[in-house]
Amino acid sequence: MQNTIKNNKAFINTLLVIAVPVIIQNAISIGLNMIDTVMVSSLGENAISAVGLANRIYFIFTTICFGIYSGASIFVAQYWGAKDTESIKKVFGIDLIIGSVLAIVFSVTVFLFRDQLLRIFINEPDVIHLGSKYLKIIAVSYFFTAVSFAFSFNCRAIHKLNMPTAISAVALCVNTFLNWVLISGNLGFEAMGVEGAAIATLIARVVEFIVLIYFIYRDKGHPLAGTFAELTSWDFSMLKKVMSTSVPVILSETAWSVGTSVYYIAYGFMGSYAIAVVQIAFTISDFFMTLFFGIGNASAVMIGNEIGKNDVDTAMNYSRKFVKLTLVLSIVLSFLLFISRNAIIKFFNLEPETSVYLSKTLAVYSLYFTPKMFTYMFICGILRAGGDTRFCMFLDMVTIWLMGVPLSFFSVLVLHLPIHLVIAVVFSEEIIKMVIILKRYKSRKWLNNLIMD
């Protein structure tokens with residue numbers, strides 16, 4: 001009995017140490033997006049749609065980064081469990097190189113072809129014009145975002161989150177203040193509209209990048225504060241081992257982010273109002289999900305640590321506790337999202353009809369909240385922690401591209417459903433995904449120690 005109480009206490013303490021800073025970090029990041037959306041809404045629904053579509057490209061970029069860092073952090077978590085800091089720096093060096101190259105490719109592509117990229121989603125000249133002005137500036141921020149994200153993400157795997165969280169809070173404050181100054185024109189500055197929002201975000205990202213690197217390298221004992229030689233000391237065998245696990249995660253996240261962005265092409269056929277509705281609903285829903293982003297990260301780290309110690313029984317026990325926690329909290333949060341949706345909508349400057357559609361869309365989001373959080377927890381928090389990345393990749397690809405994407409276009413172009421019912425049809429793929437995941441979880445095939453040769 002005493003051992004059980006002691007184990008539960010250790011579980012809760014570790015969960016809080018990892019999850020709380022991640023929850024705060026994500027709340028800050030998503031809060032930043034929400035503030036952007038609220039402030040941009042004063043410019044009209046075309047501006048919301050333009051920034052929303054521009055941020056879909058940013059969303060694809062950051063999701064691919066998440067795939068890169070998430071796949072590699074499986075090794076970082078397991079090496080941390082084995083107390084091998086030398087190998088952590090090698091894996092982190094691989095992260096930095098791949099993330100930086102990806103950022104440069106995205107920046108150049110987005111800067112040169114921003115109009116063409118936006119035209120994929122919508123064919124409204126005013127929206128494309130505004131989105132292009134926003135992308136021209138925001139493309140410069142991708143490199144700073146990629147490097148900052150790499151440091152912050154890997155800090156989670158080694159239980160050092162307080163400093164990145166505080167820096168994210170500073171970035172939020174900088175972004176919010178500059179939005180107020182530049183979007184509407186305060187303190188004597190010219191009102192710059194969507195360009196002001198982009199400049200504010202760019203400056204906030206640069207500040208975050210500089211301050212984060214300064215404080216990590218000021219701490220000489222920080223596991224990520226490697227020299228150039230340490231960060232590039234990995235050999236081909238380590239690269240191959242890391243990439244064999246990371247590539248499926250990268251492909252999975254790419255397929256998921258591009259697939260969910262293809263939904264926006266279908267929504268674009270309904271007009272800019274539908275894009276505005278989905279963009280706002282997505283941001284609000286993400287804010288409610290921040291709790292699970294923290295718990296999911298804690299799950300991946302804690303389970304990965306135990307597998308690294310070769311303690312499979314404890315890893316399995318932890319996974320059961322995370323499943324139960326997800327069930328209870330997702331039901332509570334889905335209810336809160338449903339009852340608070342109309343109060344939240346009042347913060348946005350929308351046409352009355354658009355507000356009605358947004359309310360109905362948020363009701364759909366609340367209905368699917370629990371299955372969505374279950375699939376997130378199993379894929380990002382449990383199965384990947386055990387190295388089961390190929391299964392997760394195939395599952396994401398099949399459900400998004402063979403179910404979600406066809407259903408989105410069928411609902412819009414054939415059934416001519418309103419936006420909230422289109423979302424309801426598209427989200428039905430989460431139910432199928434959840435059933436398949438539960439079967440995989442019970443098989444225990446996902447439990448793999450990746451660092452044991």
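Once phi is turned into ³J(HN,Hα) by the Karplus curve 6.51 cos²θ - 1.76 cosθ + 1.60 with θ = phi - 60°, what whole-Hz value does each residue of the range 378-385 show in order, with x for glycine and proline?
5, 6, 7, x, 10, 4, 5, 4
Taking K241 as the anchor, which aspartates and glutamates have their alpha carbon closer than 17 Å to its alpha carbon, excluding any fewer than eight residues away along the same chain?
D84, E86, D95, D388, D453
Among A171, T62, Y376, pick out the residue whose Cα is farthest towards the positive end of the charge dipole of the chain, where Lys and Arg carry +1 and Asp and Glu carry -1 on C-beta, about the Cα centre.
So the residue furthest toward the plus end is Y376.
Applying 1/(1 + (r/R0)^6) with R0 = 41 Å to the Cβ-Cβ distance of I210 and S237, what FRET efficiency is obtained, to the nearest 0.05?
Working: r = 35 Å, r/R0 = 0.85.
Given R0 = 41 Å and the Cβ-Cβ separation, E is 0.70.
Helix 85-112: angle to the longest alpha-carbon principal axis of the chain, degrees 0 to 90, nearest 10?
Helix 85-112 sits at roughly 20 degrees to that axis.
Taking neighbour counts of Cβ atoms within 10 Å as a proxy for exposure, in what order, fewest first, do I137, I423 appear?
Values: I137 20, I423 27.
Lowest count first: I137, I423.
Order of E190, E306 from fewest to most other C-beta atoms within 10 Å?
Values: E190 8, E306 25.
Least to most surrounded, the residues fall as E190, E306.
For the range 1-146, what does the alpha-carbon gyration tensor say about shape, rounded, prolate or oblate, given a ≥ b ≥ c as the root eigenvalues, a/c under 1.5 as rounded, and a/b over b/c as prolate?
Here the range 1-146 falls in the oblate category.
What order do you get for 140-152, 175-187 when each peptide is scored by the mean count of other beta carbon atoms within 10 Å, highest first? Intermediate values should be presented prior to the final figure.
Numbers: 140-152: 22.9, 175-187: 17.8.
Going from most to least packed, we get 140-152, 175-187.
How much net charge surrounds G226 when only the other residues with a Cβ under 10 Å from the Cβ of G226 are counted, with Lys and Arg +1 and Asp and Glu -1?
Working: positive: K89, K90; negative: E86, E230.
Surrounding charge for G226 is 0.
Going Cα to Cα from K136, which aspartates and glutamates come in below 15 Å? Please leave out same-chain ones fewer than 8 positions away.
Once the sequence-local aspartates and glutamates are set aside, what remains near K136 is D115, E195.
Would you mind calculating the relative contact order of the chain from Cα pairs under 8 angstrom and at least 6 residues apart, reporting the percent as a whole number? Please list the in-between numbers first.
Details: 663 pairs, mean separation 108.4, N = 453.
Contact order relative to length: 24 percent.
Filter the cross-link list K90/K445; K83/K240; K360/K442; K220/K372 down to pairs whose alpha-carbon distance in this structure exceeds 31 Å. Present the calculation step by step, with values, prior to reporting the outcome.
On the way: K90/K445 28 Å; K83/K240 22 Å; K360/K442 36 Å; K220/K372 41 Å.
Violating the 31 Å Cα-Cα cut-off are K360/K442; K220/K372.
Once label points are set 7 Å from the Cα along Cα→Cβ at both F228 and S428, what is their separation, rounded to one decimal in nm?
5.7 nm
About the Cα centre, and with charges only on the beta carbon of Lys, Arg (+1) and Asp, Glu (-1), how big is the dipole of the chain? Nearest 20 debye, please.
Details: 33 positive and 26 negative charges, 269 e Å.
Dipole about the Cα centre, nearest 20: 1300 debye.
Mind putting a number on the dipole of the range 204-335 about its Cα centre? Charges go on the C-beta only, +1 for Lys and Arg and -1 for Asp and Glu, and I need it in Debye to the nearest 20.
On the way: 9 positive and 9 negative charges, 23 e Å.
The calculation lands at about 100 debye.
Which distance in nm do the two modelled labels at F111 and L421 give, with both placed 7 Å along the Cα-to-Cβ direction?
Placing both labels 7 Å beyond Cα along the Cβ direction yields 4.7 nm.
Using each residue's phi in the range 238-245, evaluate 6.51 cos²θ - 1.76 cosθ + 1.60 at θ = phi - 60° and report the 3J(HN,Hα) Karplus result to the nearest Hz, with x for Gly and Pro.
5, 4, 5, 5, 5, 6, 4, 8
Can you find, among Y263, I48, A10, the residue sitting farthest towards the positive end of the charge dipole of the chain, where Lys and Arg contribute +1 and Asp and Glu -1 at Cβ?
Going by the Cα projections, it comes out as A10.
Size of the dipole of the range 358-433 about the Cα centre, Lys and Arg at +1 and Asp and Glu at -1 on the beta carbon, nothing else charged, in debye to 20?
Details: 5 positive and 4 negative charges, 16 e Å.
Its charge dipole is roughly 80 debye.
Which of rounded, prolate or oblate describes the range 242-305 when judged by the alpha-carbon gyration tensor and an a/c cut-off of 1.5?
Values: a/c = 6.50, a/b = 1.62, b/c = 4.02.
In terms of gyration-tensor shape, oblate.
How big is the shadow of the Cα convex hull of the range 160-286, averaged over all directions, in nm²? Intermediate results must be reported in sequence, preceding the final value.
On the way: hull surface 47.3 nm².
One quarter of the hull surface, i.e. the mean projection, equals 11.8 nm².
Residue by residue, what Karplus-based ³J(HN,Hα) values in Hz, rounded to whole numbers, does the range 421-434 have, using 6.51, -1.76 and 1.60 with θ = phi - 60° and x for Gly and Pro?
Here the 3J(HN,Hα) series is 7, 4, 4, 4, 5, 4, 5, 4, 5, 5, 5, 4, 4, 5 Hz.
Values in this text are rule-based calculations from the coordinates and carry no lab data. For clarity, every value in this text was computed on a predicted model and none was experimentally measured. Counting neighbours? That spans all protein chains shown, and the Cβs are built from the backbone with ideal geometry, glycine included.
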